[in-house]
Each structure stands twice: as structure tokens, then as C-alpha cells.
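Just below is one structure, and these are the notes that go with it.
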Amino acid sequence: MSITSTSNLYCNSLVSYSRRLTIEVPVGDVPLGGHNPIRIQSMTTVDTMDTLGSVEQSIRMIDAGCEYVRITAPSVKEAQNLAEIKKELRKRGYRTPLVADIHFTPNAAELAARIVEKVRINPGNYADKKRFEVIEYTEASYQGELNRIRDKFLPLIRICKEHGTAMRIGTNHGSLSDRIMSRYGDSPMGMVESALEFLRICEDEQYFNIVLSMKSSNPQVMVQAYRLLVQKLNEEGLKPYPLHLGVTEAGDGEDGRIKSSVGIGTLLEDGLGDTIRVSLTEEPEAEVPVAYELARRYDHREGHAPIPAIPSYPITPFEYNRRKTRAVLNMGGTHPIPRVFADFSMKEKITAASLFALGYHYSVPLDKWNITDMACDFIFLGDRFLEFEIPGTLGLVYNHKTWLAQKDQPRAYPFLRASNYLEGAELSPIVNFIYACINDVTGELLEKLKGDPTAVLFIDTYNEHGMAEQRRIFVSLMDAGCDVPVILGKAYRDLSIDQLQMYAATDLGGLLVDGLGDGIFIAAENCGPDKKINETAFNILQATRTRISKTEYISCPSCGRTLFDLQETTAMIRSRTSHLKGIKIGIMGCIVNGPGEMADADYGYVGSGPGRITLYKGRDVVRKNVPAAKAVDELINLIRENGDWLEQEVLMN
Ligand code: SF4
């Protein structure tokens with residue numbers, strides 16, 4: 001589905017930063033949407049029946065900057081206890097709105113809506129139980145299902161109206177109803193329709209205090225679903241409801257931060273999003289600074305350097321399509337893997353040991369290089385030299401003048417400005433990296449690039465709205481029918497490593513999720529160690545699912561339903577399985593939502609009772625109620641039985 005005009009787009013502008021204006025939704029004393037700032041929220045992980053524990057954790061979250069506190073209410077007794085939690089918080093002087101998180105239990109929702117400022121329902125399981133069945137519906141039987149939903153949902157709407165309670169209709173990619181799956185499949189369209197079924201009932205009832213979300217653990221799917229949601233709201237003439245942004249089960253540490261930034265950051269760049277929850281398998285207060293860091297980048301984004309308008313948009317925003325490029329060496333064409341470029345141009349001294357940080361380990365006794373899954377493909381040396389033999393898979397990129405003196409060295413390639421290229425500078429017969437910012441991308445350059453089988457375009461930006469500017473370059477290339485491979489370049493300075501991960505994941509990830517880019521180059525001055533910067537590049541490619549270099553963990557953030565220590569268990573599973581490149585392991589705190597939410601994981605480790613774990617292969621239960629003490633070993637046995645296990649020692653050789 002490509003867009004040929006900008007009239008039905010999903011955002012105000014693809015070239016000029018502008019936040020989508022939504023209706024304001026009152027949520028206690030902290031209104032959401034409209035002209036309000038992007039609100040930050042998180043969710044407690046303590047058992048909701050533990051009143052003091054919940055209060056104290058809520059206070060830690062609020063003190064960290066959380067503007068709404070979500071608390072799970074799996075049944076009526078927890079919903080009832082929200083009143084105690086709220087009372088104690090108010091007694092201690094905290095007026096932060098509370099949000100009840102509801103799955104499967106309309107009676108808990110109806111009670112909670114009388115107590116707290118907002119309820120979150122999951123349209124995939126509010127009125128439906130998941131049976132993983134494909135059912136054939138006729139028009140009449142489908143309509144019958146919608147009538148059944150309406151009957152179950154109307155009491156909640158009426159209570160919300162009466163009590164001034166807001167509602168989030170929060171779709172999860174992993175827990176779509178069998179009805180939606182049967183008609184729309186496991187797709188962004190299914191996610192959108194799942195919310196719209198409930199939203200239309202709300203509008204019929206003249207209830208508009210609604211926030212919408214489209215979460216997935218796959219940032220590509222999540223981005224597409226939110227965009228499609230906005231487009232459908234516009235198309236159907238529904239109100240511009242505020243959006244709650246989040247990537248579910250993002251995991252912990254840098255993986256969680258990068259995955260969240262790819263999903264949330266990409267949407268924020270286009271002005272979408274009114275509230276953010278970053279889901280990390282860490283303490284909830286640790287999520288808050290990450291969310292602020294993401295939101296803060298847009299405080300002064302308006303007024304950035306202008307970017308030329310896009311008369312017609314050739315990129316498909318609602319489904320993943322890799323831009324078609326021709327192959328040059330190992331980039332573009334039939335090489336689907338984006339390449340990673342490391343920057344050593346500023347390094348004082350480069351030795352063989354410096355390459356350890358870039359994923360190349362030299363073994364002195366064996367006199368050979370071991371290449372890890374995170375070994376970069378090229379090093380940009382600028383005007384520096386290497387005085388040792390490099391691994392055979394590595395390419396070296398020099399500034400053009402320096403390359404002229406090095407051109408007989410194997411796998412050495414020049415990097416030259418677009419102007420030098422157009423002036424007829426001497427070129428490599430294999431690969432030439434042509435550096436260009438948006439103003440360099442002229443008709444003359446495009447024509448020359450089109451006819452040059454050795455050219456790779458290396459794009460950079462100094463615009464504060466850099467992702468949009470680089471995306472605009474792709475539009476020019478596509479309009480001109482120029483299939484040159486493109487390396488996405490971006491320079492950062494004086495950032496913490498956390499900031500670098502979040503910013504680069506937003507700026508570069510936002511292009512990669514749309515199939516744009518055949519390689520990435522992060523130039524990071526004073527932003528942390530080389531190893532971390534190199535890993536950041538690989539982790540961005542992993543999060544955008546464009547290059548898999550390690551095991552992926554889809555771990556839930558935990559909540560009051562969680563049946564084991566998620567942080568500790570995730571760390572333990574990671575320590576045993578992190579070498580299983582390409583395998584996805586879901587680690588979920590409860591069996592109520594876990595199996596649905598772990599989406600497309602290959603293996604699942606799910607809490608099924610106190611001290612009990614149920615293991616999954618795909619969507620199938622394969623070991624029930626395994627004692628927790630044995631469950632990690634059993635998971636590894638299961639991976640072994642399915643032929644996906646590799647011994648770590650084998651990989652070292
Ligand atoms: S899967 Fe995790 S976060 Fe989701 S409801 Fe269960 S325990 Fe809570």
C-alpha cells in the first residue's frame with residue numbers, strides 16, 4: 001500500500017516536525033493529549049493485594065517523574081484493593097492518577113472504573129477467551145459477535161461516563177481475539193480493527209475520554225499499526241484520540257532501551273504520541289528516565305532547518321518493504337543484511353587489540369582471527385593507517401586522498417565528497433563511498449550514481465530533524481529510479497551511552513523499519529567505549545529485525561500477576577542461551593497473558609503457578625508445571641530436542 005498523495009497520511013507532515021493535535025482527555029488532575037506535554041507513565045510490579053508495597057512502589061515511580069501509575073487488577077478483589085492503594089497515596093499527599101489494567105474480567109473493570117481515574121482494557125480479551133481457533137464467520141455471525149461485545153462492553157462505558165473515568169483501548173499484537181485473527185490475520189490491520197470495534201461502540205454512546213494503543217514486541221509491526229490506526233481514524237471520520245506509545249516485552253538493559261526507542265522514537269519523529277510507557281524488565285522507576293529522554297528530544301524540534309516537501313510518497317508506511325537496490329560488493333541487491341561501519345578516524349593509535357571492540361578476536365597461539373556475530377564489516381579510518389594484517393572479511397575505508405596512497409592495499413576503498421566525485425576524482429574499480437547531505441543530492445549526482453556500478457551513497461545530516469531529512473533523500477532516490485545502495489550515517493557528540501543508544505535507535509531505526517538503508521555508520525565522539533558503540537549498531541539492526549546477530553528475549557516487564565522474579569530469571573536464561581543466534585525466547589510472568597503476549601517467540605518460559613513454569617514450543621504447551629528450580633535446564637533440553645541448541649565451545653572454535 002503506497003501513498004501517492006499526502007492527503008491520507010498518518011501524520012501532519014513527513015518533512016516538518018509537527019505534533020498531531022489530538023483531543024484532550026481528562027485523567028484526574030493530569031489531562032492527556034491536546035496541547036499537553038507528552039505524558040510519562042509506568043506500571044507497578046508488586047502484587048496489587050500488597051497495599052503498602054504497591055503504595056511505596058508507586059511513590060518511587062512518581063518521585064522518578066511518572067505522571068500516571070498503572071496497576072494490574074486481574075480480579076474483583078484486586079480492583080477493590082485499588083481503593084485502599086488510592087486512599088493511602090492521597091493520605092501521603094500524592095494525587096497522581098491511577099490506571100487499572102484489565103484483562104479478561106469485565107466485572108473487575110466495572111468496579112475499578114468507579115475507583116481510579118482511568119481503566120485500560122485489552123480489546124483482544126475483554127469479551128473473548130483465546131482458544132487459538134480459526135473460525136469461519138458469515139457477515140451475520142460476525143455481526144452477532146459484535147452485538148455480543150457491545151452487550152458486554154456497554155456497562156463499563158456507562159460507568160466511565162458517570163464517574164468521569166478515562167479509558168485506554170489497548171490492543172496487543174500477541175493477544176488478538178480469534179475473531180479478529182480469522183478475518184484480518186496476525187496483522188497491523190487486525191490490531192487496528194480490534195480497537196476500532198470497541199471505539200465505535202464508545203462513539204455511539206457519546207463517550208470520548210479514550211486513549212488508544214497498538215503495542216507489539218516487534219517494533220516494525222508496532223510502528224505500522226500506530227500509523228495505520230491514525231490513517232483509519234482519519235478515514236472513518238473518528239475523533240483524533242490521543243495515542244499511548246509502547247513496545248511490549250522489550251526486555252532489559254540496552255536491548256530493551258534500543259527496541260523501545262526504535263518503536264516509540266520512530267513514531268515521535270512523525271509527531272505521533274501523547275503518552276509513553278517504556279516497558280523494561282527492570283524496576284518500573286528505571287523506565288521513567290528512558291521515557292523522558294525519548295520525549296525531551298521534541299521539546300524544541302519545531303523550527304528545524306527546512307526540508308523540501310514531498311509531492312508523492314513512494315515508501316510503504318503500513319508494511320515492510322525493503323527498498324530495491326543493486327548489489328555493490330557485499331551491500332544492497334541480494335545481500336539483504338545491512339552492513340555495519342565502525343569509526344576509527346579519530347583514534348590516536350590503532351592496534352590489532354583495538355579490533356577486539358569491533359568483534360574481531362585475534363588468537364595469538366592459533367595465529368588467526370575469530371570473528372564474532374557482532375564483527376563490523378567496514379572500518380572508516382579517515383586518514384589513519386593500520387600496521388597489521390586485517391581479518392579477511394573486513395573492509396577499510398579511507399578519505400580519498402589517503403586512499404590514493406593506499407589503493408593497492410587489499411579491501412581498501414575511498415570515501416569522497418559528492419563534489420569530488422562529480423569533478424571526476426580517481427575511483428576504485430570495486431567500491432566508492434560517496435558522501436552526501438541533502439543539498440548534495442542534485443539531479444546531476446543522481447544521474448551519475450545511476451550509471452555507476454561501484455557507487456555506494458553514504459548519507460549524513462546535520463538537521464535537528466535528521467531522520468526526516470535522510471528519509472527525504474530516499475524519496476529523491478526513489479523518484480529518480482536510482483537504486484544505489486545507501487549507508488545511513490549519523491554523528492553524535494558528548495552523550496552518555498544510554499543517550500547514544502536511544503538517539504541512534506530512533507534516528508537510524510526509524511529508517512530501517514521502513515526498509516531504508518543498506519548499512520549504518522555511527523560516529524560517536526565522547527559517547528562511550530568502542531565496544532558499546534559497535535554493539536549499539538548491531539542491536540539497532542536486531543531491533544529492526546534487519547540483521548539478527550544474537551538470541552532475542554521477549555520478556556514481559558512484570559506486574560502484580562508475575563509468578564517469579566523476572567529480572568533474575570531473564571538474566572539466568574540469558575547467561576545460558578545468549579549464543580543461540582536467531583532464536584527468540586519469550587519469558588513471561590503469568591500464564592493468563594504471557595502466551596498471547598510473547599507473540600512470535602520460538603520458545604516460551606511462562607509462570608503457571610507459584611514456583612511452577614510451563615514451557616512452550618511456539619504456541620504449543622510442551623511441558624506443564626515444571627518446578628521452577630529445574631525449569632531453565634528443562635528449557636535447554638527442549639531447545640536441544642528441537643535441534644536449535646549449540647554448545648558454546650563449538651562456537652569458540
Ligand atoms: S505477561 Fe507479565 S506483564 Fe503481562 S500480565 Fe502477565 S505477568 Fe503481567
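Among the candidates SER194, SER141, which residue alone is touching a strand residue (DSSP E or B) at 6+ places or on another chain (Cβ under 7 Å) and either exposed (fewer than 14 other Cβ atoms within 10 Å of the Cβ) or assigned to a helix (DSSP H, G or I) (or both)?
On the way: SER141 fails: touching a strand residue (DSSP E or B) at 6+ places or on another chain (Cβ under 7 Å).
After ruling out the rest, the residue left standing is SER194.
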- Residue count, region 217-252, condition outside any helix (DSSP H, G or I) and open to solvent by 10 Å² or more (accessible area, probe 1.4 Å), comes to 7
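Listed residues THR577, THR614; which is more than 16 Å from the ligand (Cβ to nearest atom), open to solvent by less than 10 Å² (accessible area, probe 1.4 Å) and under 23 Å from LEU280 (Cα atoms)?
THR577
Looking at this structure, is ASP460 in contact with a Gly (Cβ under 7 Å, 6 or more places away or on another chain) and open to solvent by 10 Å² or more (accessible area, probe 1.4 Å)?
yes
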- Message: I'm checking my understanding of the structure. Among residues of region 103-119 that are surrounded by 24 or more Cβ atoms within 10 Å (Cβ to Cβ) and under 19 Å from ALA195 (Cβ atoms), which one is nearest to the ligand (Cβ to nearest atom)?
- Response: HIS103
- Query: Restricting to region 197-216, what's the tally of residues that are over 19 Å from the mean Cα position of the chain (by Cα) and either at pLDDT below 95 or open to solvent by less than 20 Å² (accessible area, probe 1.4 Å) (or both)?
  - Reply: 8
- So how many residues does region 428-449 have that are open to solvent by 10 Å² or more (accessible area, probe 1.4 Å) and touching an Asp or Glu at 6+ places or on another chain (Cβ under 8 Å)? 3
- So GLY174 clears everything in (1) more than 23 Å from the chain's Cα centre (by Cα); (2) part of a helix (DSSP H, G or I); (3) more than 23 Å from THR138 (Cα to Cα) except one condition, right? Which one? (1)
- Message: Of the conditions (1) within 17 Å of ASN209 (Cα to Cα); (2) touching a Leu at 6+ places or on another chain (Cβ under 8 Å), SER58 satisfies every one except a single condition; which number is it?
- Response: (1)
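To keep it simple, each residue is scored yes or no on (1) aromatic (Phe, Trp, Tyr); (2) surrounded by fewer than 20 Cβ atoms within 10 Å (Cβ to Cβ).
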site	(1), (2)
PRO37	no, yes
THR44	no, no
MET49	no, yes
LEU52	no, yes
VAL55	no, no
ARG60	no, yes
TYR68	yes, no
ALA73	no, no
VAL76	no, yes
- When you go through (1) farther than 25 Å from GLU110 by Cβ; (2) open to solvent by 70 Å² or more (accessible area, probe 1.4 Å) one by one for MET181, which number turns out not to apply? (2)
- Query: Which one of ALA468, ALA425, ALA523 is of a type in the set (A, V, I, L, M) and assigned to a loop (DSSP other than H, G, I, E, B)?
  - Reply: ALA425
- Query: Residues of region 437-460 being touching a Lys or Arg at 6+ places or on another chain (Cβ under 8 Å) and over 18 Å from VAL340 (Cα atoms), which ones?
  - Reply: ILE438, ASP440, PRO453
- region 583-608, subset more than 11 Å from the ligand (Cβ to nearest atom) and at pLDDT below 85, residue surrounded by the most Cβ atoms within 10 Å (Cβ to Cβ): ALA599
- Note on the structure: Only one of (1) part of a helix (DSSP H, G or I); (2) touching a Phe, Trp or Tyr at 6+ places or on another chain (Cβ under 9 Å) does not apply to THR506, and that is (2)
- Subset of region 544-564 (residues that are within 9 Å of the ligand (Cβ to nearest atom) and either of a type in the set (Ser, Thr, Tyr) or assigned to a strand (DSSP E or B) (or both)): SER555, SER558, THR562
- Query: What number goes with the only condition from (1) within 15 Å of the ligand (Cβ to nearest atom); (2) open to solvent by 40 Å² or more (accessible area, probe 1.4 Å); (3) acidic (Asp, Glu) that GLU84 does not pass?
  - Reply: (1)
- Going by the conditions given, is TYR126 at pLDDT below 95 and within 33 Å of the chain's Cα centre (by Cα)? yes
- Query: Among the residues of region 269-287, which ones are surrounded by 24 or more Cβ atoms within 10 Å (Cβ to Cβ), more than 16 Å from the ligand (Cβ to nearest atom) and aliphatic (A, V, I, L, M)?
  - Reply: ILE276
- Query: When you scan region 292-394 for strands (runs of 3 or more DSSP E) that lie fully inside it, which ones turn up with 3 or more residues that are buried (at least 19 other Cβ atoms within 10 Å of the Cβ) and among the small types (Gly, Ala, Ser)?
  - Reply: none
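The values are calculated or read from the model by the stated rules, or taken from the named source; none is laboratory data. Quick caveat: nothing in here was measured; it's all calculated off a predicted structure. Positions of Cβ are backbone-derived with ideal geometry, glycine not excepted, and every protein chain shown enters the neighbour counts. Just the protein is used for accessible areas: all its heavy atoms, side chains included, with ligands, DNA and RNA removed. Shrake-Rupley method; radii C 1.70, N 1.55, O 1.52, S 1.80 Å.
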